[in-house]
Every structure is written in C-alpha cells, then in structure tokens.
Amino acid sequence: MPIIKSAKKRMRQQDAKRKYNVAIKSTVKKATRVVKDEVAAGKTTATSLSAAVSQIDRAVKKGVLHKRTAARKKSRLSQQYNAVASKPYGTEKPAKPTTTKKPVAKKAAPKKAAKK
C-alpha cells in the first residue's frame, strides 16, 4: 500500500476507472454473446446484431476499446451472422431514398442606421 498521499489518490482513481471499464466491457460481452447464441441456434435477428454493434461503438466512444479492436469485433460478428442469415447484415432494410434539396433562401442585406 502506498504511503504518499498522491499515490493513495492515484490508486483510488485507478480503481474507479477499472470498475468503469469492466462494466462497459461486460455490456459489450453480453451483447456479443446474445448474437453468438442466436447464430449457434440457427435463428438470426438483425436487432441483436445492431444492438451489439451499438454497444461496441459506445465503448469506443468512451475510450474503453480501441477503434481497430472494435472494427475487428464487429467484422467477426457480422461474418458469423451472415453465415446463417438469409440476407447479409445491412440489406434487410434499405436506406430511404434521398429527397431533393430545397433551394436555400438568401439573407436580406442588413439595413444601415441613418446618421443624425
């Protein structure tokens, strides 16, 4: 155990950060486990995969996972999903067609104050 006050504080900070990271990683693991269990059972739902991808992206945003680690996890999950699914992930609901952009109205020139 540290004796110096700053070292004690650093240990408290490390412990708090470790608990935070463990909590985030466990949510990622639970979400990926759901997808893997569904793939093993032969039934697939895109919602579980999208939830897992969302949890992975959230972990990257919070700084718990590296972006390349997340990309690898998402890639492997989607490969497992695509091996069982009738349609590859991302093609179930195609994107909405883009609408035409409305012309942007020009701003009126500001009025100058009259000098007295």
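The values are calculated or read from the model by the stated rules, or taken from the named source; none is laboratory data. Because the structure is a prediction, the values reported are computed rather than measured. Note that each Cβ is placed from the backbone with ideal geometry, even for glycine, and that neighbours are counted across all protein chains shown.
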Checklist entry - Residues in the stretch 36-49 that are part of a loop (DSSP other than H, G, I, E, B) and surrounded by 15 or more Cβ atoms within 10 Å (Cβ to Cβ): how many? => result 1
Item to check | Inter-residue pairs, beta-carbon under 7 Å, first of a type outside the set (Gly, Ala, Ser) and in the stretch 23-34, second exposed (fewer than 14 other Cβ atoms within 10 Å of the Cβ), 6+ apart | outcome: Ile24/Lys62
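Quick check on Val39: is it in contact with a helix residue (DSSP H, G or I) (Cβ under 9 Å, 6 or more places away or on another chain), at pLDDT 95 or above and among the hydrophobic types (A, V, I, L, M, F, W, C)? Can you show your working first?
Values: in contact with a helix residue (DSSP H, G or I) (Cβ under 9 Å, 6 or more places away or on another chain): yes; at pLDDT 95 or above: no; among the hydrophobic types (A, V, I, L, M, F, W, C): yes.
So Val39 fails the test.
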Next on the checklist: Among the residues in the stretch 50-72, are any over 14 Å from the mean Cα position of the chain (by Cα), basic (Lys, Arg) and either loosely packed, with under 13 Cβ neighbours inside 10 Å or not in a helix (DSSP H, G or I) (or both)?
Outcome noted: no
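One line per residue, one yes/no per condition, for (1) within 29 Å of Asn82 (Cα to Cα); (2) among the basic types (Lys, Arg):
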{"residue": "Ile3", "(1), (2)": "no, no"}
{"residue": "Ser6", "(1), (2)": "no, no"}
{"residue": "Ala16", "(1), (2)": "no, no"}
{"residue": "Thr27", "(1), (2)": "yes, no"}
{"residue": "Glu38", "(1), (2)": "yes, no"}
{"residue": "Lys43", "(1), (2)": "yes, yes"}
{"residue": "Leu49", "(1), (2)": "yes, no"}
{"residue": "Ala52", "(1), (2)": "yes, no"}
